[in-house]
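A quick write-up on the structure given underneath.
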Amino acid sequence: MGRNLYYEDEILEEKFNGFMFKRLLSYAKEYRKDYIKAAVLMAGAAFLSLVPTAVNMKIINEVLPKDGTVPEDAAHLAVILLSIWITLSLGSVIADFLASKVSTATGNSIVCRLREDLFNKLMELSFDYYDSRPTGKILVRITNYTDEVASFFINNLLRVIDSVLIMAITVVCICFAEIRMAVMGIIVSIPLGILLWSVAKALHHYSRIDRNKMSNRTAFVAEDINGLEVIKAFNREALNDQIFIELSEKYHKAFMDTTRYRELFFPLSFAGVRILCSVAMYITALFIITNGSGKELTLGALVVITTYMQRFSNAVYTVCQQLQSVAGITSNIERIFEVLNTESDIKEKENATKLKVTKGAVEFKNVTFSYMEGVTVLENINLVVKPGQMVALTGPTGAGKTTIVSLLSRFYDTDSGSILIDGTDIKDVTLNSLRGSVGVMMQDTFLFSGEIIENIRFSKPAATDEECINAAKKVFAHDFIMKKKEGYHTVISGEGTGLSAGERQLLSFARLMLMDPDIIILDEATSNIDTETEKLVQKLFTTVLKGKTCFIIAHRLSTIQNADRILYIGGKSIMEDGTHKELMEKKGMYYQLATARGRI
C-alpha cells in the first residue's frame, strides 16, 4: 500500500453500500427484542398522537352547533370525546418516553460494540497499516467518527423512525378521511421525494470530501503535537501555523460545500412539502365543493386533513433534517468499515501450534523483505545463530538491522524465505507464543501514563510488586526510582515525560527483564544511558542474559565488542560476520567504523 500523508485525501476502495448497512444492522441482532419493544412503543406513540385529531373531527361534526342548534346529547358526547382525547394524549407521551428510554439504551449498547470491534481490529492489524497512515487519521476514526455514529443511533434514529411512522399513519388516516385529497397529496409528493433523494446523494458526496479534509487537519495536529520539540528546535512554528491555516481553509471550503446542499433540505422539505401539498389539497377541496362531485366534504374532514398534512409535513421536515446526519454518518461508516474490513498482513495459520523454545537456535533461510513493493531492504539473508549466542548487528543507518529483528518477532512477514526457531518456522506457531518467547526492547522507548511500577508490570500483568522491583534492580533502575518522591508509585505522564531519556530506557529494560523471554532483542538498549550505568548494564550480558540467545543492535563499540558474533549489515545483506577480534584483523567495513570514532 502506498503511504498516505496528512495532506493527501484517503481514497476508499469501497463506498457505502447495502452490505455495510446490513453489517451495521447485524450489531443490533442480540438487541432485537429491545428494538421490537422500542418499535412497538414508537408505533403506539405515533398512533396515539394522531388519533386525537380524528376525535377533533368527531367533535366538529357532532358536538359543535350547526346552524345555531346544539345537539341534545352534545354535553354528554363532549365529555366522552374530551376524556378520550386526554387519555390518548397522555398515552402518547408515556409511550414516547418509554420508547426513547429503550432506544437510547439499545443504541448506546450497539455503538459500544462497534467501538470495541474497531479497537480490537486496530490492535490486531500489523505495523504496515500504521506505517501507511498518519496517527491522526486513525485516531479520528475511533473517536470523532464513532461518536457521530453513536449520536445518530442514540439521538437521531428514534426521530427518524418516529417520523416515518407518523408519515405512514397520517397517509392512512387521510385516506380514510378523504381519499380524493390523499391521492392528490401523494401525487404531488412523488417528484418532491425524487428531488430530495438527488440532493441527499450530492450531500453524501460532499460529506465524503468534508471528512477527508477534517481527517487531514486532525492528522497534521496529532503529528505536530508529537513532534513539538523538533518544531520549536527548528523555529517551524510560523510555517506550521501557515500549513494549519491552509488545511483549515480547505476543510472550511469543503464544509461550506456540504452546508449548501444541507441547507437545501430546509426549503425543499419544510416549504416544499407544506406549501405544495397544501395548495394541491385546497385546490382539490375547492373543486369538490364547487362542482359537487362525489360525497359531501365536511368541515370536520377538511380541518382533520389540514391538521394531518401539517403533521405529515413536519415529519418529512424532521426526516430531511436527519438525512443531513445520515449523509455524514454514511461517510463515517465507510471509514470505520475500511478499518474493520482490513485484513492484517500478519495472519496465524488455522492449525498454528504453540511455540516451545527448548534451546533458542535461530535460523534465517534466504530471507528477502521489502516495506514497499519493488523496493527491497533485505535480499537472500542466510543466518544460523546457535543457542545462547549473543549476536550484535551493526552497519550504517537504514541498512536493515532493526528490520532483521522485527522479522524475527513477526512484526512484518518476509517476502520470501523462512525464519526458524529450534527448527520450527515462526509462521507455523501462534503469535502469542512467539512474542511471549521473543522479548523486544524497541529503539523508541515508550512508557504509559501511570505509576512506574505499573509500567514495569506492563509485560507481565500478574507479576507481584516484589517481582517488578527485582526486575528493576537487575537493570540498576532501583536507585533512581527510590530517589523519586513516591518511589515505585510515582506517577509519570504520557511517554515518560518527567524522566530522562536514560531513565526511560532503564524502565523499558526492566519491563523486558520481568517478562524473562527465551530470546532477547535489544535495539539500542543503552544508547541514552550514561557510561557508568552502561558498564553496570553490560554485566547483565554475562549474568542474567547468560545462556539466552540475544540479538543486540548498538552503535557503541563498548556495547558489542564482547558479543559472540558481530554482523555487519549493508548492501541489503550480511557483509561481514565474526568476532570483534576477527573483524578488526580483517580490516574491512567494521574496522573502518570501529576506528573512526570508537563507535559503531
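The values are calculated or read from the model by the stated rules, or taken from the named source; none is laboratory data. This one's a predicted model, so the numbers in the text were calculated from it and none came from an experiment. Counting neighbours? That spans all protein chains shown, and the Cβs are built from the backbone with ideal geometry, glycine included. Just the protein is used for accessible areas: all its heavy atoms, side chains included, with ligands, DNA and RNA removed. Shrake-Rupley method; radii C 1.70, N 1.55, O 1.52, S 1.80 Å.
Apply the Karplus parameterisation 6.51 cos²θ - 1.76 cosθ + 1.60, with θ equal to phi minus 60°, to every residue of region 337-352 and state each ³J(HN,Hα) to the nearest whole Hz, in sequence, with x for glycine and proline.
The phi angles translate into 6, 4, 6, 4, 8, 6, 8, 5, 5, 9, 10, 7, 6, 4, 9, 4 Hz.
Once fully extended, how much extra length lies between E116 and E373, figured as 0.36 nm per residue of separation less the alpha-carbon to alpha-carbon distance?
Gain in length upon complete extension: 89.3 nm.
Kindly rank 457-470, 342-355, 548-561 from highest to lowest mean number of other beta carbons found within 10 Å of each residue. Write out the running numbers ahead of the final one.
Values: 457-470: 15.3, 342-355: 12.9, 548-561: 21.1.
Ranking the peptides 457-470, 342-355, 548-561 by packing returns 548-561, 457-470, 342-355.
Which pairs break 27 Å Cα to Cα here: K349/K546; K101/K121; K548/K581; K359/K460; K359/K587; K137/K347? Before the final figure, lay out each step's value.
Numbers: K349/K546 33 Å; K101/K121 31 Å; K548/K581 22 Å; K359/K460 23 Å; K359/K587 34 Å; K137/K347 24 Å.
Exceeds cut-off: K349/K546; K101/K121; K359/K587.
Once R0 is set to 22 Å, what does the formula 1/(1 + (r/R0)^6) return for the Cβ-Cβ distance between Q592 and H555, expressed as a FRET efficiency to the nearest 0.05?
After rounding, the FRET efficiency stands at 0.95.
Give the carbon-plus-sulfur fraction of the accessible surface of region 460-600 in %, rounded to a whole number; probe 1.4 Å, heavy atoms of protein chains only.
Roughly 49 percent, rounded to a whole number.
Report, for region 342-501, the % of DSSP beta bridges that are antiparallel, rounded to 5.
Around 95 percent of the beta bridges assigned by DSSP in region 342-501 are antiparallel ones.
I'd like the Karplus ³J(HN,Hα) series for region 364-373: coefficients 6.51, -1.76, 1.60, θ = phi - 60°, whole numbers in Hz, and an x wherever there's a Gly or Pro.
Running phi through 6.51 cos²θ - 1.76 cosθ + 1.60 with θ = phi - 60° gives 9, 10, 6, 7, 10, 8, 9, 6, 10, 4 Hz.
Can you work out ³J(HN,Hα) from phi for every residue in region 388-401, in order, using Karplus 6.51 cos²θ - 1.76 cosθ + 1.60 and θ = phi - 60°, giving whole Hz and x for Gly and Pro?
x, 6, 9, 10, 9, 10, 9, x, x, 4, x, 6, x, 5
Hey, rough spin-label estimate for I84 and F448, points 7 angstrom out along Cα→Cβ, what's it come to in nanometres?
Using points 7 Å along Cα→Cβ, the separation is 6.4 nm.
Give me the one-decimal nm value for the distance between modelled label points at V183 and T464, 7 Å along each residue's Cα-to-Cβ direction.
In this crude spin-label approximation the distance works out to 8.8 nm.
Counting heavy atoms of the protein chains only and a 1.4 Å probe, report the per residue accessible area for region 372-436 as a whole number of Å².
Per residue, region 372-436 has an accessible area of 40 Å².
Using a 7 Å offset from the Cα along the Cα-to-Cβ direction at both M123 and F19, what is the distance between the two label points in nm, to one decimal?
Each label point lies 7 Å from its Cα, and together they span 2.7 nm.
Ordering L139, L420, L536 from largest to smallest accessible area (1.4 angstrom probe), what's the sequence?
So, going from the largest accessible area down, we get L139, L536, L420.
Starting from the residue with the highest accessible area, list F244, F97 in decreasing order, probe 1.4 Å.
The ordering from most to least exposed comes out as F97, F244.
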